[in-house]
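Trainee: Encoded as structure tokens, here's the structure I'll be asking about.
The values are calculated or read from the model by the stated rules, or taken from the named source; none is laboratory data. Since the structure is predicted, the reported quantities are computational estimates derived from the model, not experimental observations. Glycine gets a Cβ as well: all are built from the backbone with ideal geometry, and neighbour counts include every protein chain shown. Heavy atoms of the whole protein, side chains included, go into the accessibility calculation; ligands, DNA and RNA do not. Shrake-Rupley method; radii C 1.70, N 1.55, O 1.52, S 1.80 Å.
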Amino acid sequence: MPGSPSTPRHSAGRRAAYLLVGVLASATAGFGNALVSANLPQIQGALGLTPVQGTWLPAAYVMVNVSSNLILFKCRQQFGIRRFAEAGLLAYLAITTLYLLIQSYEAAVLVRAVAGFAAAPMSALALFYILQAFPKAKLGQGLCVALGVSQVWTPMAWLLSPPLLDLGDWQTLYLFEFGLALCTLAACIVLKLPPGIRIKAFEAMDFVTFALLAPAFALVGAVLAQGRTQWWTEQPWIAAALIVALGLFIVAFTIEHYRANPLIKTRWLGTAETARFALGAFGMRMLLSEQTYAATGLLRTLGMGPDQLQLFYGVMLAGIIVGVAISALTFGPKAIPVQLVGSVVLIVIGSLIDNDATSDTRPHDMMVSQFLLAVASGLFMGPLLLVGVMKALSKGADHIVTFAVLFAVTQSLGGLAGPAVYGTFQQVREHEYSAQINANFDPGDPVVAQRLAQQGQIYAAQITDPVRRQAQGVGLLAQTATREANVRAFNDVFTLNAILAGLFLLWSVFLVARAARASKDSPQPAGASAGATAV
């Protein structure tokens, strides 16, 4: 296919080299943003940022990254993936160098935005390098491995953050990311991908479509990232952003709908089959955000920091590796529906295990549940992408651009929508639980009075005034009440995730069963069609 490298035979040593460069490129694409997200409180404190300002750092990455795929595929076809990736890396290295010299908040946001742009070609580059490590007969397994490697960087960021921060302050994280990009650039120059076919792909109207859709996706990403922090109904700009984004989408899709050679195949996007795929891909990414938001958020609320969460994320990393291994070893058309449905089953079980947390819950109490969710994360990505590619190729190679955009949007915005929805739900439930607890807070109650006295005794050695000591005791009791309200609210999030995953499971089973019946009646049954319909 134009824009993709060829797949000649390689020696075992050269295959190993391609695999190592692919892993390095994948780390450059995903590790930096994971480091920023894992250490956001430390970065906010060092720069003196408010929570709103801090949220813009990971948000800027996603806002740019989600639209980069609009031009990535045609850039690959016309200029080659290596040139596009090298251009993105050079731009990122230049901006990061500037930031390491300036070190301002505005420069930090700019670096995250440029990193989001560079990550799109780097992700594709990593995929192609890893695929070169597999023979043609094993490219399906290679796809599962490549996508699995792209998912390990969040737990890896938590595992490596403490030792990196021990080497210096939070700027060490940026320096490490800079070093990764520099090593990747050198490795890609030394070990080049095999040549492929290049064609003239761009048309003038492609840039018009990109100019309309890029800010639209960025506005939606900004709303999802900031809605919970600034609160949805409190900021007029949120409504204005959504209105402008909707207008840009309407204009862009109208233009694409009537083009002779559209960049986005609107008619294919409007089919029920594609809508089911988009809903399934978006839903799976949103359900899996239980790990990154709810589980981690609960433990952070209970005072767990990166040092205490290292083993916890080590278990997550092991779960992803197990899921990827199962996906690759059982790869095949008949296994696709089983893998997809099995992923949802694991999410349901993991969420149900977590929904009875208490203030005494610690990382080891959640390792089984998070291992199951990590296995689901590693298990579903390969089959999901394979199903989407088959859907697009069945309509023609020119539909791959549309699929690439659709897949990137569902995964990026699904990753933002999960914390936005669950975070909003958690805050609402926390306020309700706090109100219930405080409503029963009567200092005249003997139990409450005894608890206040116990809390006040903590300050007996420092505060001799009994009135001030009691005030401090009231404050400590209020903090305890808030902590308990947060724990209950997070339990509700786990329960909500289990309910949504259960509904998703019923829907998936119904679609798989319907596809299986249809395949029996078809003269050319294909097990892959069942998997395709499942999402």
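Trainee: Out of the total accessible area of the stretch 92-149 (probe 1.4 Å, heavy atoms of protein only), what percent is carbon and sulfur?
Mentor: Values: 1470 of 2010 Å².
Summing carbon and sulfur atoms, their accessible area is 73 percent of the total for the stretch 92-149.
Trainee: A 23 angstrom limit on the alpha carbon distance is what I want to check against. Which of Lys136/Lys192; Lys265/Lys520; Lys74/Lys391; Lys136/Lys265; Lys138/Lys520; Lys334/Lys520 exceed it? Intermediate results must be reported in sequence, preceding the final value.
Mentor: Numbers: Lys136/Lys192 19 Å; Lys265/Lys520 31 Å; Lys74/Lys391 19 Å; Lys136/Lys265 30 Å; Lys138/Lys520 28 Å; Lys334/Lys520 14 Å.
Check vs 23 Å cut-off fails for Lys265/Lys520; Lys136/Lys265; Lys138/Lys520.
Trainee: Right, next: Please quote Rg/Rh for the chain to two decimal places, taking the Kirkwood radius as Rh and restricting both calculations to Cα atoms.
Mentor: Using Cα coordinates only, the ratio equals 1.00.
Trainee: So the label point goes 7 Å from the Cα of Phe202 along Cα→C-beta, right? Which residues of the stretch 64-87 then have their backbone N under 11 Å from it?
Mentor: 71-72, 74-76, 78-79
Trainee: While we're on this one: With every protein chain present, what is the per residue accessible area of the stretch 309-363 (1.4 Å probe, Å²)?
Mentor: 41
Trainee: Find the relative contact order for the stretch 307-383 and round it to a whole percent, using C-alpha pairs within less than 8 Å whose residues are 6+ positions apart.
Mentor: So the answer I get is 57 percent.
Trainee: For the stretch 199-352, what % of the accessible area comes from carbon and sulfur atoms, probe 1.4 Å?
Mentor: 73
Trainee: Ranked highest first by average number of other Cβ atoms within 10 Å, how do 374-385, 427-438 line up?
Mentor: 374-385, 427-438
Trainee: I've got another one for you. Can you give me the long-range amide H partners of Gly196? Hydrogens built in the peptide plane at 1.01 Å from N, cutoff under 5 Å, separation of 5 or more residues or another chain.
Mentor: Amide H neighbours of Gly196, under 5 Å, 5+ apart: Ser6.
Trainee: Take each of the peptides 44-57, 287-300, average the number of other beta-carbon atoms within 10 Å over its residues, and list them starting from the highest. Provide the component values of the computation, followed by the final result.
Mentor: Working: 44-57: 15.1, 287-300: 22.7.
Output ranking for 44-57, 287-300: 287-300, 44-57.
Trainee: Roughly how many Å² is the accessible area per residue of the stretch 227-290, as a whole number, for a 1.4 Å probe?
Mentor: Per-residue value: 50 Å².
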